[in-house]
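Notes follow the structure.
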Amino acid sequence: MKLAFIIDPIQNLDPCHDTSVALMEAAHILGHEVWITQANQLSVVESQAWGFLERVELVPIELRTQGWVAANPWYKLSDSHTFCALETMDAVFMRTDPPVTVPYLYATYILDYIDQSHTLVINSPRGIRAANEKMYALQFPSVIPETIVLSDKETIKRFVDVKGSAILKPLGDKAGGGILILSAGDRNFNSIVELSTSQGKVPVMIQTFIPEAKQGDKRIILLDGEPIGAVNRLSGPGEFRNNMATGGTVAKTEITPRELEICAQLAPRLKQDGLIFVGIDVIGGYLTEVNVTSPTGIREIDKLDNTRIGNQVIQWIESEIEKR
Ligand SMILES: Nc1ncnc2c1ncn2[C@@H]1O[C@H](COP(=O)(O)OP(=O)(O)O)[C@@H](O)[C@H]1O
Ligand SMILES: [Mg+2]
């Protein structure tokens, strides 16, 4: 198979952490061609999506006692670029990191000009547009904490006064960015809300604070709606956010029956939206986020559980392509 990955500049990726590298490496190991490009290298010509692609070969990382170790360099680019229709690929992974900016959105409109009955696009550009990573979970009210989305300071204040505290989340950020704890009676309350909502112009998410967050924020990876691995993330010292990007640590975990139930609730919707490779976040048995742009976690799960989730994803694509 020929697989294209739309990624951030490859030299900025961390082979021992980034799931995009894990997927590219798995494709390479399983004997497929791996091509890379970036969102700003895409175009539409004669109503077809095209891209400047570079072939890349990867040196697989190795698990040693100190953890994953990568060769230096860990990838080798072929000398020449090719400009070709993305439909010459069997699958195209959109793996640009959020935030979902205007250029990011435009890239998804370009990807609409790939015939998906011919080439798998993961995730579906329509699905990515339909799924704000914070707001997608609101479709499943029975498994989320009490949540409101708004910019009105007085209403936010009433919510926080009733609960004593709450979590504030910007709708377009990631990796713990802009996440705040709101406390009733905080003298900075007004300023915090004004800054977060750009003076009442931008809605934010306000959510019940789940105390079980102390025991971790579980990342569960779903492939075509099925959970295929999970890792627990714990906050680092002096930090309440459990994100890896904010100094969190990872720990081995199991998927509980309640979490399987959450996955089962999401599955039909994810399939309908073409959201094939997704990472959900679960805190204390509540769904808090559905990551669809470039969910991560494979390297951590593979290390803790001695799995090769990337292989499973690529083999799933092989079987889908065979059906076509
Ligand atoms: N309802 C909540 N209660 C307690 N902590 C939360 C809640 N929602 C999020 N958090 C904290 O904020 C972190 C990031 O939240 P999340 O919604 O996953 O956004 P993102 O990871 O995109 O920044 C979590 O790891 C957790 O520590
Ligand atoms: Mg998260």
Inset, instruction - Just report the Cα centroid separation between segment 84-110 and segment 292-315, whole Å. - result: 21
Legend entry - Under-5 Å amide H pairs with Leu171, H placed in peptide plane, nonlocal only: Met205
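Would you mind working out the accessible area per residue for the chain, using a 1.4 Å probe, and quoting it in Å²?
In whole numbers, the chain has 45 Å² accessible per residue.
Remind me, relative contact order of the chain in percent, using alpha carbon pairs under 8 angstrom and six or more residues apart?
19
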Inset, instruction - With θ set to phi - 60°, apply the Karplus curve 6.51 cos²θ - 1.76 cosθ + 1.60 along segment 284-295 and write out the HN-Hα couplings as whole Hz, x wherever there is a Gly or Pro. - result: x, x, 10, 6, 10, 7, 10, 8, 10, 7, 9, x
Inset, instruction - Quick one: what are the phi-derived ³J(HN,Hα) couplings along segment 192-201, Karplus 6.51/-1.76/1.60 with θ = phi - 60°, whole Hz, x for glycine and proline? - result: 4, 5, 4, 5, 5, 9, 6, 6, x, 9
Legend entry - Within the accessible area of the chain (1.4 Å probe), percent carbon and sulfur: 51
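Test of the criteria: in segment 1-90, which GluC sites (Glu not before Pro) are in a DSSP loop and have at most 11 other Cβ atoms within 10 angstrom of their Cβ?
Glu46
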Legend entry - segment 146-209 shape via C-alpha gyration tensor axes, a/c threshold 1.5: rounded
Inset, instruction - For segment 309-322, just list the computed ³J(HN,Hα) in residue order, Karplus coefficients 6.51, -1.76 and 1.60, θ = phi - 60°, integers in Hz, with x standing in for Gly and Pro. - result: 4, x, 4, 4, 5, 5, 5, 5, 5, 3, 5, 5, 5, 4
Inset, instruction - Take the Cα gyration tensor of segment 212-291, multiply each eigenvalue by 5, square-root it, and list the three semi-axes largest first, rounded to whole angstrom. - result: 23, 12, 10
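The values are calculated or read from the model by the stated rules, or taken from the named source; none is laboratory data. Predicted model only: the values in this text are computed from it and were never measured. As a convention, Cβ positions derive from the backbone with ideal geometry for all residues, glycine included, and neighbour counts pool all protein chains shown. Accessible surface areas use protein heavy atoms only, side chains included; no ligands, DNA or RNA. Shrake-Rupley method; radii C 1.70, N 1.55, O 1.52, S 1.80 Å.
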